[in-house]
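The values are calculated or read from the model by the stated rules, or taken from the named source; none is laboratory data. The structure presented is a predicted model; accordingly, all values stated were derived computationally and were not measured. Glycine also receives a Cβ, built like all others from the backbone with ideal geometry; neighbour counts cover every protein chain displayed. Ligands, DNA and RNA are excluded from the accessible area calculation, which covers all protein heavy atoms including side chains. Shrake-Rupley method; radii C 1.70, N 1.55, O 1.52, S 1.80 Å.
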Amino acid sequence: MQPSSTGASAATPDALALPMPRTDERPRTDDRPHPDDRHRPGQRSFRRANLALFAAGIATFVLLYSTQGLLPVLSDDLALTPGQASWTASAATLGLALALLPASALSDRYGRTAVMTASTLAASALALALPFAPDLTTLVVLRVLQGAALAGLPATAMAYLAEEVHPSALASAMGLYVAGNSIGGMGGRLLSGWVAAGYGWRWGLAASAALALLAALAFRLLVPAARHFTPAPVDARALARTVGRHLRNPLLLRLYALGLLFMAVFGAVYNTVGYRLIGAPFHLPESIAASIFVVYLVGTGTSAAAGRLAARLGRRGALYVAIGTTALGLLLSLADSLVLALLGLVLITAGFFAGHATASAAVGRTATEGRAQASALYLIAYYLGNSLGGTIGADAYHATGWPGAATIGLTAMALAAAVTLYATHQAHTTRRAERLPGRLSAR
């Protein structure tokens, strides 16, 4: 669930070195009727658009999570605590969160393909510099800049698909884009972790950078020119009013809080699980510990099932199930049995994706206007949760071991349960208030 487009104040295109739209990407300005030439299944342009966004998703999420799979190696090589090393992962999601609204505003003004191309190529260029970082501070600064550069894709990609792909094929196109995100997120962790286990973290980051650059170039070569983009002026006041309305909406605020809390668990767990597996009592080789991110695939099926679960139990019912599943996984992960610890990780992953899918879908249904801004605010909370949870969880792990990281996750799930219980109470109160006038009039 990515935002389609938003408006925000932003720097000039020269300041961000954004390429101008291609000459075949000019918006239509006449009022004559045009045939519907949006991309459809069976057309070469449809296949190219799908493959281009798939490649862009891989490039973006390979880079976003490239350091998460090699945190133990970073700790060993640079003499870092888990909390210090985790900043290399948290910094990227923090930069992305802060840049989402400006990036989407740039796409409204200068074009979807221009912003997506600049985003993927700039982030890949920064990735090539990461292996040469002399110290942690430089690495973290580069990761913040990289995360900000990456914001252009999640802020823009779905807007491009919604504008350029025929509605009959939009679901499948977005599904492939999300699949690219998932594969990139898992692949970034696995590739860097495997390479780092054998050759060190610098080569791990270099491998991720090479893969991302190839994917970014594939995107640029494949993406069809935009035919239906119309530039929109940036109206900072209108954006501020829309964002203000969303932040005063109690239901949206609860959904934003849930996104942050679920992602805090995910960040805390996946920033520290590598340390847990290579340490006592498991003592797994680093290459095997890095492979644990294959569990991420559980989220693909869980996200798809979340819609059916919400249809059967309602949104709050699905959230209770997600919270309970995540909490149960955290408790199981405390066991010194590798089987139980891995089962716990599977449940944590499944519960996280179910909760995220339910909350993010509810944002779009709740916002009656400014849906793009509402979605962007959800993503900001979501990625801030990753940064906060990842860093706090790693510090807790350093202080007390795995029970500390698990306690951070359980605390987040307790808060999520409190938010959902409050929502349930408010819903019951509202229903009773709606029935009361009818009873009084009947008397």
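Before we move on, is Arg371 open to solvent by 10 Å² or more (accessible area, probe 1.4 Å), within 20 Å of the chain's Cα centre (by Cα) and among the basic types (Lys, Arg)? The answer is yes for Arg371.
Taken residue by residue, the stretch 130-138 has no member that is closer than 28 Å to Pro233 by Cα, surrounded by fewer than 23 Cβ atoms within 10 Å (Cβ to Cβ) and out of contact with any Phe, Trp or Tyr (no Cβ under 9 Å at 6 or more places or on another chain). Ala416 passes every criterion in (1) touching a Pro at 6+ places or on another chain (Cβ under 8 Å); (2) buried (at least 23 other Cβ atoms within 10 Å of the Cβ) apart from (1).
Residues checked against (1) free of Cβ contacts under 8 Å to residues at least 12 places away in the same chain; (2) within 27 Å of Leu297 (Cβ to Cβ); (3) part of a helix (DSSP H, G or I):
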residue	(1), (2), (3)
Ala123	no, yes, yes
Pro131	no, no, yes
Val140	no, no, yes
Pro154	no, yes, no
Ser168	no, no, yes
Tyr177	no, yes, yes
Gly185	no, yes, yes
Ser192	no, yes, yes
Ala196	no, yes, yes
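Among the numbered conditions (1) open to solvent by 20 Å² or more (accessible area, probe 1.4 Å); (2) farther than 30 Å from Arg237 by Cα, the only one that Gly344 does not meet is (1).
Leu100 falls short of the stated requirement of being among the aliphatic types (A, V, I, L, M), in contact with a helix residue (DSSP H, G or I) (Cβ under 8 Å, 6 or more places away or on another chain), closer than 20 Å to Leu388 by Cα and not in a helix (DSSP H, G or I). Taken together, the residues in the stretch 395-436 that are within 19 Å of Ile348 (Cα to Cα), out of contact with any helix residue (DSSP H, G or I) (no Cβ under 6 Å at 6 or more places or on another chain) and among the hydroxyl-bearing types (Ser, Thr, Tyr) amount to 2.
Can you give me the number of residues within the stretch 62-80 that are assigned to a helix (DSSP H, G or I) and either touching an Asp or Glu at 6+ places or on another chain (Cβ under 7 Å) or crowded, with 24+ Cβ neighbours inside 10 Å (or both)?
Final tally of qualifying residues: 10.
Does Thr113 count as over 19 Å from the mean Cα position of the chain (by Cα) and open to solvent by 30 Å² or more (accessible area, probe 1.4 Å)? No.
Could you go through the stretch 197-216 and let me know if any residue there is buried (at least 17 other Cβ atoms within 10 Å of the Cβ), under 28 Å from Leu330 (Cβ atoms) and modelled with pLDDT under 90. Scanning the stretch 197-216 turns up at least one residue that is buried (at least 17 other Cβ atoms within 10 Å of the Cβ), under 28 Å from Leu330 (Cβ atoms) and modelled with pLDDT under 90.
Here the condition is being out of contact with any Lys or Arg (no Cβ under 7 Å at 6 or more places or on another chain) and assigned to a helix (DSSP H, G or I); of Ala381, Ala362, Ala335, it holds for Ala381 alone.
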